[in-house]
Amino acid sequence: MTSSARLRIHRSEASDSAQTFSADVQRGLSSRPKSLPPKYFYDALGSQLFEAICLLPEYYLTRAEDEILATHAEAIIDSLKVTPETVLEFGSGSATKTRWLIEVLLERGRPDLRYVPVDISTAALERSARQLLGKYPTLRIEAYASDYETALARLRTARNGSMLTLFLGSNIGNFDRDEAGRFLRAVRRALRRDDALLVGIDLKKGRELLEAAYDDALGVTAAFNLNLLARINRELDADFDPRAFRHVAIYNEALGRVELYLESARTQRVRIAALAIEVPFERGERIHTENSYKYDLDEISELARQNGFERKSTWFDRQRLFSSNLLLAI
């Protein structure tokens, strides 16, 4: 654990260990259809590639959410039933958008505000924490380098005072519908009545706009997806040829989700030395790497209602592409 007067970083040994990565890769590439968990996108290179994705003209999600928070941060804080003593954020990354809310709370008389970022990347936590502490001299940060489940388990026993929980960036869209419900119920168990969850949710829209957001013209998203194979090469001594796979992004309208795949361009076998296995691929066979679910407002309200929350308010960007939803714990 890293610790200083205003910063503590708790590291979970099990959050992204080599053993867990090995087991997940073996399980996913032995299954039919093949799959890899999207949490493994975010090694050091993957995190940098995702930051680049957020700057792409096709990837509207980051710009839209930043516009919402920049425009409506005060209204969001005004909509809370209690002024939070703690802001907890899942998948915090660089915490760039979170600063709009932190600034309002500090200005509203919470100089000792505690910020609790949770991210699987220790490097991202350390970088963002140093930047925030440099900018806000009274802010305290207690970070968790772990998966969400590990952090929630610890926070249920360690929390005190009122809390605003953040799940920004459409991260909830990476869960399927049942997983999203389980996540919200787990968050609700860590909250008290009238605490709040602010969740960013991408909205259903036309296929062309959605598929372009996940398959940009410069190929940055493709590089992000293919980096999964390069990571397996680096960490598990595999011989994937990323040039023998192509990035595929498809909007499945029936299920309301964008699906990401890595598709084998030829029949081939890949050796993974650390696992002592060879993985066969047919030409055109795909590895499923991510889903990104999209919602309409009725679906958001129902998701909240079924899992211990009430959708109190929703804010949109000017083009109504994205939504920030304030859910109150009931």
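Residue under question is residue 196, and the condition is that it be under 18 Å from residue 117 (Cβ atoms) and in contact (Cβ under 8 Å) with a residue 12 or more places away in the chain; does it hold?
Yes, satisfied.
With respect to the numbered conditions (1) over 30 Å from residue 312 (Cα atoms); (2) in contact (Cβ under 8 Å) with a residue 12 or more places away in the chain; (3) among the basic types (Lys, Arg), which one is the sole condition not fulfilled by residue 234?
(2)
Can you spot a residue in segment 157-179 that is at positive phi, surrounded by fewer than 20 Cβ atoms within 10 Å (Cβ to Cβ) and touching a residue at least 60 places away in the same chain (Cβ under 8 Å)?
Yes, some residue in segment 157-179 is at positive phi, surrounded by fewer than 20 Cβ atoms within 10 Å (Cβ to Cβ) and touching a residue at least 60 places away in the same chain (Cβ under 8 Å).
Among the residues that make up segment 37-59, is at least one of them under 30 Å from residue 207 (Cβ atoms), of a type in the set (Asp, Glu) and assigned to a helix (DSSP H, G or I)?
Among the residues of segment 37-59, at least one is under 30 Å from residue 207 (Cβ atoms), of a type in the set (Asp, Glu) and assigned to a helix (DSSP H, G or I), which makes the answer yes.
In segment 54-67, is there at least one residue being of a type in the set (D, E, K, R), surrounded by fewer than 20 Cβ atoms within 10 Å (Cβ to Cβ), touching a Pro at 6+ places or on another chain (Cβ under 8 Å) and farther than 23 Å from residue 259 by Cα?
no
So which residues in segment 78-89 are out of contact with any strand residue (DSSP E or B) (no Cβ under 7 Å at 6 or more places or on another chain) and in contact (Cβ under 8 Å) with a residue 60 or more places away in the chain?
Hits for segment 78-89 are 82, 83.
Of the conditions (1) modelled with pLDDT of 95 or more; (2) in the same structural domain as residue 196 (by TED's automatic domain parsing), residue 130 fails just one. Which one is it?
Single failed check for residue 130: (1).
Of all residues in segment 231-285, count the ones that are over 30 Å from residue 207 (Cα atoms), charged (D, E, K, R) and either in a strand (DSSP E or B) or more than 26 Å from the chain's Cα centre (by Cα) (or both).
So the count comes out to 6.
State yes or no: is residue 223 farther than 30 Å from residue 76 by Cβ, touching a residue at least 12 places away in the same chain (Cβ under 8 Å) and assigned by TED's automatic domain parsing to the domain that holds residue 28?
Yes: the conditions hold for residue 223.
If residue 261 passes every condition in (1) surrounded by fewer than 17 Cβ atoms within 10 Å (Cβ to Cβ); (2) of a type outside the set (Lys, Arg); (3) touching a residue at least 24 places away in the same chain (Cβ under 8 Å) but one, which one does it miss?
Of (1) surrounded by fewer than 17 Cβ atoms within 10 Å (Cβ to Cβ); (2) of a type outside the set (Lys, Arg); (3) touching a residue at least 24 places away in the same chain (Cβ under 8 Å), only one is false for residue 261: (1).
The values are calculated or read from the model by the stated rules, or taken from the named source; none is laboratory data. The model shown is predicted, which means the values in this text are computed figures rather than measured ones. All Cβ positions, even for glycine, are placed from backbone atoms using ideal geometry, and neighbour counts span all protein chains on display.
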